[in-house]
Amino acid sequence: MRIWLTWAALGGALWLGAGAWAAPGWAAQGAALFAQPSTRAGALRVVGAGERLDLRRCSALWCFVRVGEQDGWVLRAAVNMAGGCEALVPVGLKDLRRHEAAYSAQRDPDGNGRACDQRDFLQITGR
């Protein structure tokens, strides 16, 4: 398996070949790791605050992650990662609300309460 670092295109994500990549992040608060993207699915374990996550992809509510050797789903509100919007958006961390761990004023330059939304991303990247 070839490993490529694609810092420019994916904002620090690690390309693992065969279409799989992960961006390093962490649980900003303790959160349950679920087998499916539903709180009705059985919790596999609790991910501790500050514990490393490899973020695979995020949707509006959930992030598919790997914690150690275990894959599962964590509520997006508990997830954070380093970098600006150019790093977060490719993973799916976009349109972040103030209650989400990945929200910060630096990621919300227009101050509308939604970080890494389309306007922020265009303003930050100059696209």
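Brief remarks on what is shown
- Matching residues, region 82-127, being outside any strand (DSSP E or B) and touching a Leu at 6+ places or on another chain (Cβ under 6 Å): 90, 91, 102, 103, 116
- Here region 31-55 is the region considered, the condition is being under 12 Å from residue 81 (Cα atoms) and not small (Gly, Ala, Ser), and the residue that is nearest to the chain's Cα centre (by Cα) is 55.
- Pair list, Cβ under 7 Å, 6 or more apart: region 88-101 residue more than 14 Å from residue 28 (Cα to Cα), other residue part of a strand (DSSP E or B) and of a type in the set (Lys, Arg): 91/57; 92/57; 95/114; 96/114; 97/114
- Per the conditions (1) farther than 21 Å from residue 33 by Cβ; (2) surrounded by 13 or more Cβ atoms within 10 Å (Cβ to Cβ), the sole criterion not satisfied by residue 66 is (1).
- Scanning region 31-66 for residues that are without any contact (Cβ under 8 Å) to a residue 12 or more places away in the chain and part of a strand (DSSP E or B) yields a count of 1.
Just so you know, all these numbers are worked out from the coordinates, no wet-lab data involved. Remember, predicted model here, so these are calculated numbers, not experimental data. Using ideal geometry, Cβ is built from the backbone for each residue, glycine included, and neighbour counts are taken over all protein chains shown.
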